[in-house]
2 protein chains.
Amino acid sequence: MGRPYEFDRNETLTKAMDVFWEKGYKATSIDDLVDRMGIQRGSIYNTFGDKHELFLSAVEHYGDVVTSRTLKVLEADGSAVENIKKFLDVIVNTPPDRRSKGCLISNTVVELAPHDEEVANVVKAIMKKIQSAFQKCLERAVEAGELPETTNTRVLSNFLATSTHGLIVTGKSTPDKKQLKDVVDVILSTL
Amino acid sequence: MGRPYEFDRNETLTKAMDVFWEKGYKATSIDDLVDRMGIQRGSIYNTFGDKHELFLSAVEHYGDVVTSRTLKVLEADGSAVENIKKFLDVIVNTPPDRRSKGCLISNTVVELAPHDEEVANVVKAIMKKIQSAFQKCLERAVEAGELPETTNTRVLSNFLATSTHGLIVTGKSTPDKKQLKDVVDVILSTL
DNA sequence: TTTATTGTTGACTGAATGTTCAATATTGTG
DNA sequence: CACAATATTGAACATTCAGTCAACAATAAA
């Protein structure tokens, strides 16, 4: 009982996530969050705790929503190698202004992970999830005969995860789609 | 004439650079800089301008000192391909606690480049410098017969630069040297 | 020695930041 | 209707922040 919430928790958390994604942790003020989340300071603290706690929830939310949705490409039916190509193409084909936001996970690894163990753990779990998704995809490719039996899927999945981060960082600073496309071709040549 | 400086400008700028490198731009306070640079606030403003201007100088200094020194490996005599391997090994073999600092350039691309054109330009110039160093190295490898004449050195150098950023981001969050070593092996397999 | 010039110092300022809280509003329950 | 429980609001608070400045110190030139 008691007074019910006047907003949807998930929707509001998504809005907070978007702000952190755009501006980073330190550069985001509570005022920014009030503006974008559409609820007052007190409600934020009452519902999500302090800024740090809200950020942790936002990163977890990103893992649950954005990362999961993105990784679905890798699980699609048909050629697993083709799925990996499609996954990388998503990054390349994201318009420059949205690409400049990068990825909340890599942004957070760079800004906070070295100084914030709690954040680091959440982020590591999501990175592990990405690597695992690549590995499963590669294993499927081996089973289907798309890749040789000798393929070391663990090593190759780490390479793909690292390459993804590299693409995202490079993509943040260059609007040149062709340059990214060329890099993707080299990445795919290792398969 | 007038009173002479009591500190060495380069030394002091290096100390500022180290703080920004460790903590990032937003998370670094003027007090942090006063503590580490060993001069008072007034002297910082008198010598380097405001925080933003000091940061720009620090990033340029990084390009002049750290990046240049690191890229020297690529210019060494002998096998150019071997030089690239050595370059990547430097990242892998950096101890985890220092690796967590990452690279001031990639840190800055992620934290500031999308919102700060002035910073973005400085950083882009340094990234271009890295790519050019790779390309020169690759061209030398082609000339020496280490790589086939058909090698597209521009594309491959972009791939190596992107891979370097990826390694640095991954290296920030994992202390596992073997994982990075494996990734480097895949990167080198493209040559 | 005097003067002009410029570096040094640290207290001070105003603005921004994260957080709290008392007053109020809205629901379910007795 | 009265009460308990909980959400909402925004003013208020303490802290931190970047930046300023008047007083002082150290040098070279006259």
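The values are calculated or read from the model by the stated rules, or taken from the named source; none is laboratory data. The structure displayed is predicted, hence computed values, not measured ones. All Cβ positions, even for glycine, are placed from backbone atoms using ideal geometry, and neighbour counts span all protein chains on display. These accessible areas exclude ligands, DNA and RNA; they are computed on the full protein's heavy atoms, side chains included. Shrake-Rupley method; radii C 1.70, N 1.55, O 1.52, S 1.80 Å.
Some points to look at:
- About its Cα centre, the dipole of the stretch B:40-191 is roughly 380 debye, where the only charges are +1 on Lys and Arg Cβ and -1 on Asp and Glu Cβ.
- For the protein assembly as shown, the Rg and Dmax computed from alpha carbons only, in angstrom: 22.2, 79
- In plain terms, if you count all Cα to Cα distances in the stretch B:58-188 and split them into 10 Å steps from zero, the share in each step is 12, 41, 35, 11, 0 percent.
- Å² of accessible area per residue within the protein assembly as shown, as computed with a 1.4 Å probe and no ligands counted: 47
- Accessible carbon and sulfur surface of chain B relative to its total accessible area, %, 1.4 Å: 50
- Per-copy distances of the B:Asp18 label point, shortest first, in nm (7 angstrom along Cα→Cβ): 4.3
- The Cβ shell under 15 Å around B:Lys178 holds other residues with a net charge of 0, Lys and Arg each +1, Asp and Glu each -1.
- Peptide A:181-191 has a mean of 4 when you count, residue by residue, the C-beta atoms of other protein chains within 10 Å of its C-beta.
- The mean number of Cβ atoms from other chains found within 10 Å of a Cβ in peptide B:16-24 is 2, as a whole number.
- Closest approach of any chain A Cβ to the axis that rotates A onto B belongs to A:Gly166, 1, distance given in whole Å.
- Estimated from helices alone, the mean residue ellipticity of chain B at 222 nm is -22500 deg cm²/dmol (sum of -39500 (n - 2.57) over DSSP H runs with n ≥ 4, per residue).
- Aspartates and glutamates whose Cα lies under 18 Å from that of B:Lys86, excluding same-chain neighbours fewer than 8 positions away: B:Glu75, B:Asp77, B:Glu139, B:Glu146, B:Asp182, B:Asp185
- Buried accessible area, chains A and B (both chains, 1.4 Å probe, Å² to nearest 100): 3100
- Calculated FRET efficiency, A:Thr94 to B:Met1, Cβ-Cβ distance, R0 = 45 Å: about 0.20 to the nearest 0.05.
- Taking the average, over residues, of other Cβ atoms within 10 Å as the packing measure, peptides B:46-53, A:169-176 rank A:169-176, B:46-53 from highest down.
- Interface residues, the stretch A:156-170 - accessible area loss of 50 Å² or more versus chain alone, probe 1.4 Å: A:Asn158, A:Phe159, A:Thr162, A:Val169
- Take each residue in B:123-133, count the other chain C-beta atoms within 10 Å of its C-beta, and the mean is 1.
- Two tests apply to each whole DSSP H helix in chain B, Cα reach of 27 Å or more along its axis and mean Kyte-Doolittle hydropathy of at least -1.0, and the ones passing both are B:117-143, B:153-173.
- Put a dot 7 Å past the Cα of B:Ile30, heading toward its Cβ, do the same for A:Lys178, and the two dots end up 4.7 nm apart.
- Here A:Asp18 and A:Lys129 are evaluated by their C-beta separation; at R0 = 25 Å the FRET efficiency comes out at 0.75.
- Fluctuation leader among B:Thr70, B:Thr164, B:Thr153 - chain B, Gaussian network, Cα springs under 10 angstrom: B:Thr70
- Label-point distances for A:Glu143 to the equivalent site in the other copies, using a point 7 angstrom along Cα→C-beta, read 5.1 nm when ranked shortest first.
- When each of A:Lys51/A:Lys72; A:Lys128/B:Lys181; A:Lys178/B:Lys124; B:Lys15/B:Lys51; A:Lys85/A:Lys181 is checked by Cα-Cα distance, pairs over 22 Å: A:Lys51/A:Lys72
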